[in-house]
Amino acid sequence: MHVRLPIRERVLMLCLSAAVTLGWVAESKAEVAPEVQSLLGQPQALGAGQFRYLGLKVYDAEIYAPRGQGFDRDGKYALKIEYQRKIRRTILLRASLDELERIEGDRADHPEILKKLTTCYRDIRPGDRIVASPRSADALRFWVNGAQTCTLRHDNIRDRYMAIWLGDKARDKQFARQVMAEQR
């Protein structure tokens, strides 16, 4: 025997079902990497973006700051990059150096930065994540899949390295604005 509920009850059930489903989606999107959680206490996602190369998704990026802080270049924040492609460490290193050279021109300390970055990066598989978080203007900490790989110490490395994603000279300015949650 099939009992048909009155319209008011059917609408209420539909709304409750949607609320539960939307709550689950919001909860799953709010998943924060453990290293971001430990760095920022109660992190708040400020912005997200996606990088594609030749139409193929390479990675998703999100920037986090302590809840209520907003983005502050000099404050605490973490950039999480989750990769969708397999990428060798040598390729990541070369791409980072190429971007530094594109943004800054040829500088004498680039080989030294590249050597320091070698300990920070690993070969990447789909689903792997790298988190970079400034410790100070002269120090960046890196994690790969939750394991801290290095603290890169170099003059003004925070602003120089993070400019690859977050600067005015980022290759994809729209992506940089999305990641920093800017409205322009």
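The values are calculated or read from the model by the stated rules, or taken from the named source; none is laboratory data. Bear in mind the structure is a predicted one, so any value in this text is a computation, not a measurement. Heads up, the Cβs are rebuilt from the backbone with ideal geometry, glycines too, and the neighbour counts pull from every protein chain shown. Heavy atoms of the whole protein, side chains included, go into the accessibility calculation; ligands, DNA and RNA do not. Shrake-Rupley method; radii C 1.70, N 1.55, O 1.52, S 1.80 Å.
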> When residues of segment 55-103 are filtered for being touching a residue at least 40 places away in the same chain (Cβ under 8 Å) and either surrounded by fewer than 13 Cβ atoms within 10 Å (Cβ to Cβ) or assigned to a loop (DSSP other than H, G, I, E, B) (or both), how many remain?
Replying inline: 9
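Which residues, counting only those in segment 48-76, are closer than 22 Å to residue 95 by Cβ and of a type outside the set (D, E, K, R)?
Of everything in segment 48-76, those that are closer than 22 Å to residue 95 by Cβ and of a type outside the set (D, E, K, R) turn out to be 48, 49, 50, 51, 53, 54, 55, 56, 58, 59, 61, 63.
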> Looking at segment 104-136, which of the residues that are open to solvent by less than 90 Å² (accessible area, probe 1.4 Å), aliphatic (A, V, I, L, M) and more than 20 Å from the chain's Cα centre (by Cα) is farthest from residue 72 (Cα to Cα)?
Replying inline: 114
> Can you tell me how many residues in segment 32-52 are acidic (Asp, Glu) and either part of a strand (DSSP E or B) or under 19 Å from residue 68 (Cβ atoms) (or both)?
Replying inline: 0
> If only one of 142, 175 is at pLDDT below 95, out of contact with any Pro (no Cβ under 6 Å at 6 or more places or on another chain) and open to solvent by less than 70 Å² (accessible area, probe 1.4 Å), which one is it?
Replying inline: 175
